[in-house]
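Coordinate-derived values only; no laboratory data. Note that the coordinates shown come from a computational prediction; the quantities given were computed from them, not determined experimentally. For neighbour counting, all protein chains shown are included, and Cβ atoms are generated from backbone atoms with ideal geometry for every residue, glycine included.
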Amino acid sequence: MQPLLALTKASEIIGLSTCSLTDGRIIVLNGPLKGYEGIIVSVDKRKGRAKVRMNIMGYERLVDLGLNIIGLV
């Protein structure tokens, strides 16, 4: 659990993830948080990053995620 929580500290940036978008929620298809779902809070298109609110092992975290959205579901 500690390695995963270390990835999601509010001040750290998570590597690039491939995601799909459904009803305002993203599903991570590939990358460090594969299999997790979250809600996009804000997007920085220039940097290709998004702040995403995720529930990880019972803890709600706001993560800065490198984001590649491949499609709408």
Exercise for the section: Give the Debye-formula value of log10 I(q)/I(0) at each listed q (0.30 Å⁻¹), with one equal scatterer per alpha carbon of the stretch 11-61, two decimals each. Expected result: -1.50
Completion exercise
The size of the Cβ-based charge dipole (Lys, Arg +1; Asp, Glu -1) of the stretch 29-73 about the Cα centre, to the nearest 20 debye, is 200
Completion exercise
Given backbone amide H placed at 1.01 Å from N, residues whose amide H is under 5 Å from that of I56, ignoring those fewer than 5 places away on the same chain, are R61
Problem - Under 5 Å, built H, 5+ apart or other chain: amide partners of L67 - result: S17, R49, A50
Exercise for the section: Sort 38-44, 62-68, 48-54 for me by packing, meaning the mean count of neighbouring Cβ atoms within 10 Å per residue, highest on top. Expected result: 62-68, 48-54, 38-44
Exercise for the section: Evaluate the distance, in nm, between pseudo-label points positioned 7 Å from the Cα of K47 and of N30 along their respective Cα→Cβ axes. Expected result: 2.4
